[in-house]
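Participant: The following block contains the structure, expressed as structure tokens.
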Amino acid sequence: MLKIITGSNSRKWGTFAAAGLITLGLMFLPEQTGISAAAANSWTGTWNNKKFKTTGPLTCTVTSQRGNTWQAVFTGTGLGRPFRYPATFTVREANGRTTIQAVTSVGGERYQWAGVISGKTLGGSYRSATGNNGSFQLQSR
């Protein structure tokens, strides 16, 4: 079933889609002791929104790194519209795993996300203060 969102809800959806995508992208970023930015600075795959039952393509590209703080740009499509959002996240290496997490604001809405990099895969989940939630799965290119 296709759900059409109109009026003020379309703006909220755009915000949600952007935040979801940022969350997805943030989860795909490399860790200094894991995947180097030079070796794998871009991941491509899909994201989904469980609240609205939507999905779309997503690409995360690391643009800079300083210690455990990484900058990235997420691009993709949500509800048939292209989006592009910058993101800052924290990367940690512990017990042989690279984890990524952040709290961010997209269009004034607060989002929390968390993810794991394993091999060439970046996967994770996100949730907003208003209940938008979902996951993403990306592969390094």
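The values are calculated or read from the model by the stated rules, or taken from the named source; none is laboratory data. These figures come from a predicted structure and were not determined experimentally. Counting neighbours? That spans all protein chains shown, and the Cβs are built from the backbone with ideal geometry, glycine included.
Participant: Of the residues Arg127, Arg84, which is at negative phi, within 13 Å of the chain's Cα centre (by Cα) and at pLDDT below 85?
Facilitator: The unique qualifying residue is Arg84.
Participant: Let me ask something else about it. Output the residue which, of all residues in segment 46-81 that are among the hydrophobic types (A, V, I, L, M, F, W, C) and more than 23 Å from Thr98 (Cα to Cα), is surrounded by the most Cβ atoms within 10 Å (Cβ to Cβ).
Facilitator: Phe52
Participant: While we're looking at this one, here's another question. Name, by its number, the condition in (1) surrounded by 18 or more Cβ atoms within 10 Å (Cβ to Cβ); (2) hydrophobic (A, V, I, L, M, F, W, C); (3) modelled with pLDDT under 80; (4) under 23 Å from Gly119 (Cβ atoms) that does not hold for Ala18.
Facilitator: That leaves (4) as the condition not met.
Participant: Counting just the residues of segment 105-130 that are touching a helix residue (DSSP H, G or I) at 6+ places or on another chain (Cβ under 7 Å) and buried (at least 20 other Cβ atoms within 10 Å of the Cβ), which one comes out farthest from Asn48 (Cα to Cα)?
Facilitator: Going through the qualifying residues, I end up with Val106.
Participant: Yes or no: Ala94 closer than 18 Å to Ala114 by Cα, of a type outside the set (Lys, Arg) and under 12 Å from the mean Cα position of the chain (by Cα)?
Facilitator: Judged against the criteria, Ala94 is not a match.
Participant: Scan segment 73-87 and report the pairs whose first residue is under 9 Å from Thr59 (Cβ atoms) and in contact (Cβ under 8 Å) with a residue 12 or more places away in the chain and whose second residue is among the small types (Gly, Ala, Ser) and part of a strand (DSSP E or B), with Cβ atoms within less than 7 Å and a gap of 6+ or a chain change.
Facilitator: Hits for this filter: Phe74/Ala87; Gly76/Gly56.
Participant: Right, next: Determine if segment 113-136 includes at least one residue that is assigned to a strand (DSSP E or B) and out of contact with any strand residue (DSSP E or B) (no Cβ under 8 Å at 6 or more places or on another chain).
Facilitator: Looking through segment 113-136, none of the residues is assigned to a strand (DSSP E or B) and out of contact with any strand residue (DSSP E or B) (no Cβ under 8 Å at 6 or more places or on another chain).
Participant: Same structure, new question: Out of the residues in segment 89-98 meeting the condition of being of a type in the set (S, T, N, Q) and without any contact (Cβ under 8 Å) to a residue 60 or more places away in the chain, tell me which one is farthest from Lys50 (Cα to Cα). Step through it out loud before you land on a result.
Facilitator: We begin by selecting, within segment 89-98, every residue of a type in the set (S, T, N, Q); these are 90, 95, 98.
Narrowing further to those that are without any contact (Cβ under 8 Å) to a residue 60 or more places away in the chain: 90, 95.
Numbers: Thr90: 25, Asn95: 30 Å.
So, considering only residues that are of a type in the set (S, T, N, Q) and without any contact (Cβ under 8 Å) to a residue 60 or more places away in the chain, the one farthest from Lys50 (Cα to Cα) is Asn95.
Participant: Tally up the residues in segment 52-101 that are over 20 Å from Thr121 (Cβ atoms), assigned to a strand (DSSP E or B) and of a type in the set (D, E, K, R), please.
Facilitator: Matching residues across segment 52-101 total 3.
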